[in-house]
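This report refers to the structure that appears directly beneath it.
The values are calculated or read from the model by the stated rules, or taken from the named source; none is laboratory data. The model shown is predicted, which means the values in this text are computed figures rather than measured ones. Cβ sites come from the backbone with ideal geometry, for glycine too, and all protein chains shown count toward neighbours.
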Ligand code: H2U
Ligand code: ZN
């Protein structure tokens with residue numbers, strides 16, 4: 001692998017990333033900080049997500065025992081929009097109504113847990129909840145796309161440590177999945193095979209960017225990763241959405257999510273912050289043979305529990321840039337996966 005500056009292409013988004021491996025002689029400078037263990041209570045009377053507590057809206061959470069779903073009290077999308085699709089607007093000043101639904105999904109009644117602290121059965125239950133909610137929202141006439149995501153840690157703007165995720169469902173397909181849809185559609189047209197299945201095959205053959213693998217999924221630091229320890233989990237067979245996973249695939253997906261999040265926590269001896277989300281095939285009423293179910297983990301940390309990567313100057317003005325290569329990052333993470 002070249003040690004000189006180069007750029008790598010992300011075939012899912014059609015964007016390039018600048019890689020400057022010469023800037024780090026070693027993949028990871030090994031600055032280890034004291035583990036700042038924040039002892040959270042099992043139940044926090046002030047937490048808006050704990051069982052039995054009252055939320056900002058005045059609604060009271062039930063005494064839930066496993067997962068719990070509610071409509072976001074501060075939804076970014078609403079089922080109705082008063083904005084009319086106006087004709088005659090200038091092409092430089094376009095606006096359109098956007099409608100949808102926002103949900104919050106609590107993983108557990110336990111305030112002090114995070115995904116990697118949970119058992120595989122508990123993670124499977126979270127997957128089942130995401131699946132059911134996605135299918136219910138996706139079945140609606142007014143929905144074209146369902147985004148499941150988790151912001152973890154204050155560094156990623158997460159407002160509350162209580163383990164939870166969100167689901168936003170839109171009437172249109174948002175930017176990132178729209179780019180992925182175009183690329184995957186074009187790749188299938190040209191090659192007759194889904195882009196991500198071909199990519200997964202390459203990664204399984206080479207192994208150099210692999211973090212974990214099982215019969216249905218691989219976790220890799222993608223060739224085109226932007227964030228230092230970015231990981232993509234992708235299916236290795238034609239699964240389009242969470243709902244396409246049978247019991248075995250669901251177990252394997254839960255297992256690989258635990259592999260990834262546990263090795264993340266070991267990396268800098270800290271509860272590892274990230275934004276994670278699933279990219280499922282759009283729910284726009286069309287068949288999606290091009291689409292392969294996958295998730296992206298975007299963690300901000302670079303060298304320690306406190307040294308983060310900023311996407312600033314050059315990244316904002318020109319293109320994303322990274323120092324450590326995807327291969328170096330993958331090796332560090334792979335060595336931290338418990339076999
Ligand atoms: P984060 O995952 O970014 O922390 O967001 C939590 C969501 O929970 C946030 O979108 C919602 C916020 O609107 N929320 C409620 O719906 N009710 C509350 O009482 C607190 C938080
Ligand atoms: Zn709580």
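If you check 275, 295 for being in a strand (DSSP E or B), within 17 Å of residue 244 (Cα to Cα) and under 16 Å from the mean Cα position of the chain (by Cα), only one passes: 295.
Residues in region 268-289 that are surrounded by fewer than 22 Cβ atoms within 10 Å (Cβ to Cβ) and farther than 23 Å from residue 167 by Cα: 3 in all. For residues that are in contact with a helix residue (DSSP H, G or I) (Cβ under 6 Å, 6 or more places away or on another chain) and within 20 Å of residue 244 (Cβ to Cβ), scanning just region 106-129, find the one that is surrounded by the fewest Cβ atoms within 10 Å (Cβ to Cβ). Only one residue fits best here, namely 120.
Condition (residue is within 16 Å of ligand 2 (Cβ to nearest atom) and in contact (Cβ under 8 Å) with a residue 60 or more places away in the chain) applied to region 134-142: is it met by at least one residue? No, region 134-142 has no match at all. Taking region 1-81 as the region of interest, the strands (runs of 3 or more DSSP E) fully inside it that hold 3 or more residues being modelled with pLDDT of 95 or more and either in contact with a helix residue (DSSP H, G or I) (Cβ under 6 Å, 6 or more places away or on another chain) or away from ligand 1 (no atom under 16 Å from the Cβ) (or both) are 6-10, 15-19. Taken together, 62, 79 contain a single residue that is within 14 Å of ligand 2 (Cβ to nearest atom) and in contact with a strand residue (DSSP E or B) (Cβ under 9 Å, 6 or more places away or on another chain), which is 62. Residue-level analysis places residue 187 among those that are more than 30 Å from residue 85 (Cβ to Cβ) and either away from ligand 2 (no atom under 16 Å from the Cβ) or modelled with pLDDT under 95 (or both). Out of the residues in region 159-180 that are under 14 Å from residue 278 (Cα atoms) and within 16 Å of ligand 2 (Cβ to nearest atom), which is surrounded by the fewest Cβ atoms within 10 Å (Cβ to Cβ)? Applying the filter and picking the extreme gives 166. All conditions in (1) within 14 Å of ligand 2 (Cβ to nearest atom); (2) under 22 Å from the mean Cα position of the chain (by Cα) hold for residue 153, with the sole exception of (1). Among the numbered conditions (1) more than 16 Å from ligand 1 (Cβ to nearest atom); (2) more than 19 Å from residue 168 (Cβ to Cβ); (3) within 28 Å of the chain's Cα centre (by Cα), the only one that residue 108 does not meet is (1).
Residue-by-condition table, conditions (1) within 16 Å of ligand 1 (Cβ to nearest atom); (2) in contact with a strand residue (DSSP E or B) (Cβ under 7 Å, 6 or more places away or on another chain); (3) on the phi < 0 side of the Ramachandran plot:
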{"position": "119", "(1), (2), (3)": "no, no, yes"}
{"position": "133", "(1), (2), (3)": "yes, yes, yes"}
{"position": "140", "(1), (2), (3)": "no, no, yes"}
{"position": "147", "(1), (2), (3)": "yes, yes, yes"}
{"position": "176", "(1), (2), (3)": "no, no, yes"}
{"position": "188", "(1), (2), (3)": "no, no, yes"}
{"position": "200", "(1), (2), (3)": "no, yes, yes"}
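Taking every residue in region 73-93 that is closer than 21 Å to residue 140 by Cβ and touching a residue at least 40 places away in the same chain (Cβ under 8 Å) and pairing it with any residue that is away from ligand 1 (no atom under 16 Å from the Cβ) and part of a loop (DSSP other than H, G, I, E, B), at least 6 positions away or on another chain, the pairs with Cβ-Cβ distances below 8 Å are 77/98; 77/99; 79/99; 79/142.
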